[in-house]
Amino acid sequence: MKIRKLHEAGFEEAMYGLSLSFKHPTADDEWWNEERKKRAYNVAMTNAPRGKGHNKFLEHMICWYSIEATLEWWKQMDTYRIGMSKQSESTMHTLNKDSLPIKAFDVIPSDFDSSEDFNLYIDYIKMIAKQRNIRTKSKSLPQSYLQEREVVLSYKTLQNIIIQRKGHKLAEWEQFIDTIFKTISFPEFLFPEYLETK
């Protein structure tokens, strides 16, 4: 599994939105200053673990990641739809002999999870690739086949994933969670109790 952060945005905008409830009706444009930003951060730290709408500011903080993972892992990740968008390399294209790259006839060990017996899969994929029906090819891919996707996730979605998947029996989830905490700018907003154990 490979996880790479591409970009992150929305912190100041999230803090601005969080502060609107405390803005005085007669405030001028100068009200959004450094002192107000510090106060907003403190309120955010209190509200982040509360849920029930108190942490909706997390929806405004967004991260882009490139993730290469097995189809097995992606099936579980696909359960998270709200607050996430994905784009992926197309298995239809990569398995089609008329497209580039021609992975169907040039599958190699790195196309699969290294913990599996990839030689069996390579022979199997080469056999499937000879079929004309592209849907048959795609549906026949083993669960250890690696696919790269670009994902866009809100902090709120990341928080939800971490709460639900911490300690999961599929080892990739622990790797995903560890990588998120090491790469995002404000890990303290996601699950403070988890941070204390690291």
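The values are calculated or read from the model by the stated rules, or taken from the named source; none is laboratory data. Just so it is clear, the structure is predicted and the values come from calculations on it, not from any experiment. Please note: Cβ atoms are built from the backbone with ideal geometry, for glycine as well, and neighbour counts cover all protein chains shown.
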Kindly indicate which of Met15, Met84 is within 17 Å of Ser154 (Cβ to Cβ) and at pLDDT 95 or above. Met15
The residue from His24, His93 that alone is of a type outside the set (D, E, K, R), modelled with pLDDT under 80 and more than 24 Å from the chain's Cα centre (by Cα) is His24
Cβ contacts < 7 Å: first residue at pLDDT 90 or above, restricted to the stretch 34-55; second residue among the charged types (D, E, K, R), any location; separation 6+ or different chain. Result? Met45/Glu188; Asn55/Lys156
Selection within the stretch 165-176 - closer than 17 Å to Glu188 by Cα and at pLDDT below 95: Lys166
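So that you can scan it fast, the table gives a plain yes or no per residue for (1) assigned to a helix (DSSP H, G or I); (2) under 28 Å from Ile3 (Cα atoms); (3) small (Gly, Ala, Ser); (4) touching an Asp or Glu at 6+ places or on another chain (Cβ under 9 Å):
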{"residue": "Tyr16", "(1), (2), (3), (4)": "yes, no, no, no"}
{"residue": "Thr26", "(1), (2), (3), (4)": "no, no, no, no"}
{"residue": "Lys37", "(1), (2), (3), (4)": "yes, no, no, yes"}
{"residue": "Met45", "(1), (2), (3), (4)": "yes, yes, no, yes"}
{"residue": "Arg50", "(1), (2), (3), (4)": "no, no, no, no"}
{"residue": "His54", "(1), (2), (3), (4)": "no, no, no, no"}
{"residue": "Trp64", "(1), (2), (3), (4)": "no, yes, no, yes"}
{"residue": "Trp74", "(1), (2), (3), (4)": "yes, yes, no, no"}
{"residue": "Gln87", "(1), (2), (3), (4)": "no, yes, no, yes"}
Among (1) in a helix (DSSP H, G or I); (2) surrounded by fewer than 16 Cβ atoms within 10 Å (Cβ to Cβ), Leu6 falls short only on (1)
Take the conditions charged (D, E, K, R) and within 30 Å of Tyr145 (Cα to Cα) and apply them to Lys2. Does it pass? yes
